[in-house]
1. With the checklist (1) surrounded by fewer than 17 Cβ atoms within 10 Å (Cβ to Cβ); (2) touching a residue at least 60 places away in the same chain (Cβ under 8 Å); (3) among the hydroxyl-bearing types (Ser, Thr, Tyr) in hand, flag the one item B:SER63 doesn't pass.
2. Considering only residues that are touching a Gly at 6+ places or on another chain (Cβ under 7 Å), within 7 Å of chain A (Cβ to nearest Cβ) and farther than 22 Å from A:LYS72 by Cα, which ones fall in the stretch B:183-201?
3. Hey, A:MET97 hits all of (1) more than 30 Å from B:ALA209 (Cβ to Cβ); (2) within 17 Å of the chain's Cα centre (by Cα); (3) more than 7 Å from chain B (Cβ to nearest Cβ); (4) not acidic (Asp, Glu) but one; which does it fall short on?
4. Would you mind finding the one in B:PHE76, B:PHE104 that is among the aromatic types (Phe, Trp, Tyr), in contact (Cβ under 8 Å) with a residue 12 or more places away in the chain and either at the interface with chain A (Cβ under 9 Å from one of its Cβ atoms) or exposed (fewer than 14 other Cβ atoms within 10 Å of the Cβ) (or both)?
5. Among the residues of the stretch B:73-91, which ones are more than 14 Å from A:PHE37 (Cα to Cα) and part of a loop (DSSP other than H, G, I, E, B)?
6. May I ask you to list the residues in the stretch B:202-221 that are more than 8 Å from every other protein chain (Cβ to nearest Cβ) and more than 22 Å from the chain's Cα centre (by Cα)?
7. Out of curiosity, is B:ALA114 surrounded by 15 or more Cβ atoms within 10 Å (Cβ to Cβ), part of a loop (DSSP other than H, G, I, E, B) and among the aliphatic types (A, V, I, L, M)?
8. Could you pull out the residue among A:SER50, A:SER88, A:SER35, A:SER55 that is farther than 27 Å from B:TRP15 by Cα and of a type in the set (Gly, Ala, Ser)?
Amino acid sequence: MPDADYILLIAAMGLVTYIPRWLPLYFLSQRKLPSWFVEWLDLIPVAILSSLVFSDLFVIGNPRHLDILQMKSIVAVPTFLIALRTKSLGWTVISGMMLFWVAERFFSG
Amino acid sequence: MPFMTFAKEGMRAAWPICIGYFPLGLAFGILAQKAGFGLLDIALMSVVVFAGSSQFIGVAMLSSGAAPTSIVLTTFMVNLRHFLMSSSLAVYLHGAGRRFISLFAYGVTDESFAVNMVRFREGPWHPYEALTVNHIANFAWIASTILGGYGGQFIPAGSFGIDYALSAMFLCLLAFQLRGRRYLLTAVISGALASIIALMVPGNSFVVAGSLLGATAGFALARYAERKRRSCARC
């Protein structure tokens with residue numbers, strides 16, 4: 001059974017997760033935004049995803065270090081091409097998983 | 001459009017997210033269970049927090065005996081990137097009801113955000129379809145974490161490349177975003193900056209810092225190029 005301390009912690013974690021998601025939607029959706037701001041916001045998605053992808057593929061381990069060429073980043077090349085080609089999230093995820101699985105079996109002794 | 005059509009379109013857009021969440025949710029469930037969390041604890045956390053990375057960090061920090069305040073602060077830092085995502089989504093939800101917004105905000109994650117942004121941009125994409133994506137993904141996450149806590153230890157680690165599902169998903173979501181030169185430029189700058197920051201600064205600020213700096217640099221360069229082109233048209 002979760003105790004009171006745990007429930008309190010979860011509630012606080014939930015709050016600090018919800019507020020950043022809610023605040024901009026709540027206030028920004030009600031007004032017209034200046035065009036330069038919309039233009040800047042338009043670049044935010046690609047910036048976030050690229051930050052996630054690069055750090056996921058090239059920065060590994062604990063303590064973190066740069067590793068450009070390893071299984072994860074090499075498999076990323078065909079996976080990325082499949083993504084560009086098929087434009088399908090489902091197919092990309094499935095083929096990425098298969099490629100990684102096969103690559104691991106064949107290349108890591 | 002009737003309710004069922006919204007639900008159907010939403011599900012069609014959401015299923016790849018569910019595939020990506022499933023192994024991650026299982027992994028989270030297993031980890032939490034091994035750290036001594038009960039099924040109810042896991043379910044409660046997935047429902048209330050619903051943020052993969054924060055939940056992993058939460059479990060890791062709790063089991064290493066970290067202070068609750070530092071756990072909450074870390075969670076906040078990790079989730080700051082959603083502030084940016086919600087700001088981008090707000091453009092497409094202009095004038096939506098406040099109750100809808102509050103319900104929608106709960107389901108804004110990296111994955112649902114990216115999928116909905118593509119659909120909104122290519123249009124037509126109804127807010128209710130976007131809401132369906134959010135909540136189906138949410139359901140898949142909650143279910144897979146509970147399943148992981150219950151019986152995930154029977155699934156051997158690394159089978160069928162499930163470790164790679166999330167990487168492949170992010171790669172594809174990135175590919176969707178590359179719609180022109182300025183996006184490609186922003187991607188390269190942000191990615192490089194985020195990696196450098198990740199190497200030099202401990203903690204999880206690198207995603208927020210890398211994308212803010214990268215987007216601003218991309219924006220400035222695009223503006224600069226445009227101004228130059230315009231002045232040349234005159235000369």
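1. B:SER63 satisfies all of (1) surrounded by fewer than 17 Cβ atoms within 10 Å (Cβ to Cβ); (2) touching a residue at least 60 places away in the same chain (Cβ under 8 Å); (3) among the hydroxyl-bearing types (Ser, Thr, Tyr) except (2).
2. B:THR186
3. So the condition that A:MET97 fails would be (3).
4. Answer to the selection: B:PHE104.
5. B:LEU80 - this is the single residue of the stretch B:73-91 that is more than 14 Å from A:PHE37 (Cα to Cα) and part of a loop (DSSP other than H, G, I, E, B).
6. B:ALA217, B:ALA220, B:LEU221
7. Here the answer is no, as B:ALA114 does not meet what is asked.
8. Of A:SER50, A:SER88, A:SER35, A:SER55, the one residue that is farther than 27 Å from B:TRP15 by Cα and of a type in the set (Gly, Ala, Ser) is A:SER35.
The values are calculated or read from the model by the stated rules, or taken from the named source; none is laboratory data. In this text the structure is predicted, and so the values were computed from the model without any measurement. Note: ideal-geometry Cβ built from the backbone for every residue, glycine included; neighbour counts use all protein chains shown.
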